[in-house]
Amino acid sequence: MSGLTLAQASTIVDVALKKGRDSKFAPLSVAVLDAGGHLVAFKREDKSGILRFDIAFGKAWGGLGLGFGSRTLFERAEKTPMFFTTLAAASDGRVVTNPGGVLIRNADGDIVGAVGISGDTSDNDEICAIAGIEAAGLKADPGGSKK
C-alpha cells in the first residue's frame, strides 16, 4: 500500500483552490491529512475566516476516524443525533459532520488520507475536494447514500 505523498497533497490543495476560484466560490481553506490523521498540507485563502482551518481539519479527521466521507456523517447525524452528540464529546469536538470531508483512496481502494475544505457551502467545498483528489491521480470518496 502506498501512502499519500507531499506532492499529491500539494496538488490536491492547489487544484481545489483553483476550482474554487474558477467557480467564484467564497475563500476556501483546504487541509489534507494522511491515513493517520496527520496534517500533510494546508492553505488558507486571503479573507478565509479564522475558524476555517478547524472546520476543514475536522471534516477530514472525522471521515478518517469513522472510515467514511463526511457526507455519510452528515446523513447519519440527522438520523442518530444522540450518537453524534456523544461522538463530539469523545473526540473533544474535532469531528465536523458536514459534507466537504472526502476520503482519499489509492488505486487498490485503500484509504491513504482525507481532504477537508471549508469556506463556501458544504456541497461546493466537496466539489473542490473531489477535483483536487482526482487531479492528483487518486480516488475521491465523499461518502453519502448517492455515491
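Nothing in this text is a laboratory measurement; each read-out follows from the coordinates by a stated rule. Note that the structure is a prediction, hence the values are computed from the model and not measured. Cβ sites come from the backbone with ideal geometry, for glycine too, and all protein chains shown count toward neighbours.
Rounded to the nearest 20 Debye, what is the dipole magnitude of the chain about its Cα centre when Lys and Arg each give +1 and Asp and Glu each give -1 at the C-beta? Could the numbers behind the result be given before it?
On the way: 17 positive and 17 negative charges, 37 e Å.
Dipole of the chain, to the nearest 20 debye: 180 debye.
Sorting check: for 84-96, 45-57, which peptide has the highest mean count of neighbouring beta carbons within 10 Å, and how do the rest follow? The partial results should precede the final answer.
Values: 84-96: 14.8, 45-57: 16.5.
Output ranking for 84-96, 45-57: 45-57, 84-96.
Simple spin-label model, 7 Å along Cα-to-Cβ: residue 91 to residue 75 in nm?
For residue 91 paired with residue 75, the spin-label model returns 1.7 nm.
When the distances between all Cα atoms of the stretch 53-119 are binned every 5 Å from zero, what whole-number percent does each bin get?
4, 21, 29, 24, 14, 6, 2, 0
Count of lysine pairs in the stretch 1-91 with Cα atoms under 28 Å apart, counting only pairs 8 or more residues apart in sequence or on different chains?
12
Helix-only mean residue ellipticity at 222 nm, the chain, DSSP H runs n ≥ 4 weighted -39,500 (n - 2.57), per residue, nearest 500. What is it? Let's see the in-between values first.
Details: 5 runs with 66 residues, N = 147.
Calculated mean residue ellipticity at 222 nm is -14500 deg cm²/dmol.
So for the stretch 6-141, averaging the separation of alpha carbon pairs under 8 Å that are six or more residues apart and normalising by length, what relative contact order in percent results? Spell out each step's value before the answer.
Working: 309 pairs, mean separation 41.9, N = 136.
Answer for the stretch 6-141 is 31 percent.
What is the distance in Å between the Cα centroid of the stretch 86-101 and that of the stretch 1-23?
23 Å
Compute the convex hull volume of the Cα atoms of the chain, divide it by the residue count, and report the result per residue in Å³ as a whole number. Provide the component values of the computation, followed by the final result.
Values: hull volume 14.2 nm³, N = 147.
In the chain, the Cα convex hull volume per residue is 96 Å³.
So how much slack lies between residue 135 and residue 6, counting 0.36 nm per residue of separation and subtracting their Cα-Cα distance, in nm?
My answer for the length gained is 45.0 nm.
If packing is taken as the mean number of other Cβ atoms within 10 Å per residue, what is the order of 19-32, 114-127, highest first?
My ranking of the peptides, most packed first, is 114-127, 19-32.
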